[in-house]
Amino acid sequence: MRLQDKVAIITGAASGIGKGTAELFAEEGAVVVVADLPTSRGEEVAAAIRERGGRAEFAAVDVTDAAQVQALVDGVASRYGRIDILYNNAGLPQAFTPIEEVTEAYFERLIAVNVKGVFLGSRAAVPYMKKQGNGVILATASTAGVRPRPGLNVYSATKGAVIAFTKALALELAPFGIRVNAINPVATDTPMLPGFIGDQDLETGRQNFLRTIPMGRFAQPIDIARAALFLASDEASLITGVDLEVDGGRCV
Ligand SMILES: NC(=O)c1ccc[n+]([C@@H]2O[C@H](COP(=O)([O-])OP(=O)(O)OC[C@H]3O[C@@H](n4cnc5c(N)ncnc54)[C@H](O)[C@@H]3O)[C@@H](O)[C@H]2O)c1
């Protein structure tokens, strides 16, 4: 058990990468808080983990709402006495869009979920982690944050911001025993993937993505979950400030 009795909050855990990570963390002994929108399938994800003998609860939260995020983090700290791992994973995609067609409202929405959500979660969890003298903060950034694709302008900017934020926090929090790392998945087979492809034919869009991945396959949620598990575990105790590509060679 690599996360025995660790308390982990995972945002966006009702689906895709977050769900896969919640399942793996629970298998590895963690108490998992499946944090996602109230309209999500988070309750089902948590119940399925419990049915398999794991420990999980659903917490409804909109990561763009400061009061909700604070209440989530305070609630977990008071129920379990600590927060060992915060995985800021919730995010929204962008369909390929020429910059002149990107609306201001869309820009603001993407920044709110993909960037402000990471800030709000981290800000709320850090005081507890400082008090404990340890903790791990993870974020799902993206290969788009280091190797953008044309038409994914705002999305790439949000992920670049997450990577820079991760590195800045890693330096700031290292003296407190808190590690901060990001993961950069390549195109991953989750419900989000069609959201990048947009109006193109789905199969053509998938093939276009696949051609850019040297290892010739999409990431699966478990590929990202395993990277998150390593970074969250004590095996990575000297690793902070990295943005780890899980990308079949795309960023080389
Ligand atoms: N799928 C990919 O190709 C890919 C590639 C690189 C990075 N990512 C990143 O991985 C992360 C997870 O994406 P996924 O592929 O698992 O997508 P997904 O759509 O399967 O899951 C995303 C989850 O985030 C939740 N969410 C969205 N807005 C939220 C909000 N305001 N508050 C709380 N929860 C919210 C959704 O309800 C959903 O359950 C995202 O940050 C995404 O940008 C995905």
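The values are calculated or read from the model by the stated rules, or taken from the named source; none is laboratory data. As the structure is a prediction and not an experimental result, all values here were calculated from the model. All Cβ positions, even for glycine, are placed from backbone atoms using ideal geometry, and neighbour counts span all protein chains on display. The area values use the complete protein model at the heavy-atom level, side chains included, leaving out ligands, DNA and RNA. Shrake-Rupley method; radii C 1.70, N 1.55, O 1.52, S 1.80 Å.
At an R0 of 35 angstrom, the distance between the Cβ atoms of Ser78 and Arg2 translates into a FRET efficiency of 0.85. For the stretch 152-186, the residues whose amide N sits under 19 Å from a probe point set 7 Å from the Cα of Thr212 along the beta carbon direction are 152-163, 183-186.
At 1.4 Å probe size, with every protein chain present, just tell me what the per residue accessible area of the chain comes to in Å².
Numbers: 11090 Å² over 252 residues.
With all protein chains present, the chain gives 44 Å² per residue.
Set the Cα radius of gyration of the stretch 7-245 against 2.2 N^0.38 Å, with N its number of residues, and you get 0.97.
With a 10 Å radius around each residue's Cβ, average the other Cβ atoms per peptide and rank 6-17, 136-147, 75-86, highest first.
Values: 6-17: 27.2, 136-147: 25.0, 75-86: 19.1.
Taking the mean over residues of other Cβ atoms within 10 Å, the ranking is 6-17, 136-147, 75-86.
What is the percent carbon and sulfur in the accessible area of the chain, measuring with a 1.4 Å probe over the protein chains and ignoring ligands? All intermediate terms of the calculation are to be shown ahead of the outcome.
Values: 6300 of 11090 Å².
Of the solvent-accessible surface of the chain, carbon and sulfur hold 57 percent.
Working ranking of peptides 99-105, 128-134 by packing, defined as the average number of other Cβ atoms within 10 Å per residue, highest first, is 128-134, 99-105.
Angle between the Cα long axis of helix 66-80 and the longest principal axis of the chain, 0 to 90 degrees, nearest 10? With both axes taken from Cα atoms, the answer is about 40 degrees. The lysines within cross-link reach of Lys131, meaning a Cα-to-Cα straight distance under 25 Å and a gap of 8 or more places when in the same chain, are Lys6, Lys116, Lys167. When shorter helices are ignored and each DSSP H run of at least 4 residues is given -39500 (n - 2.57), the per-residue value for the chain at 222 nm works out to -13500 deg cm²/dmol.
Close amide-amide hydrogen proximity is noted between Ala59 and Val34, Ala35, Asp36, each under 5 Å apart and 5 or more residues distant or on a separate chain (H modeled in the peptide plane; Pro and chain starts excluded).
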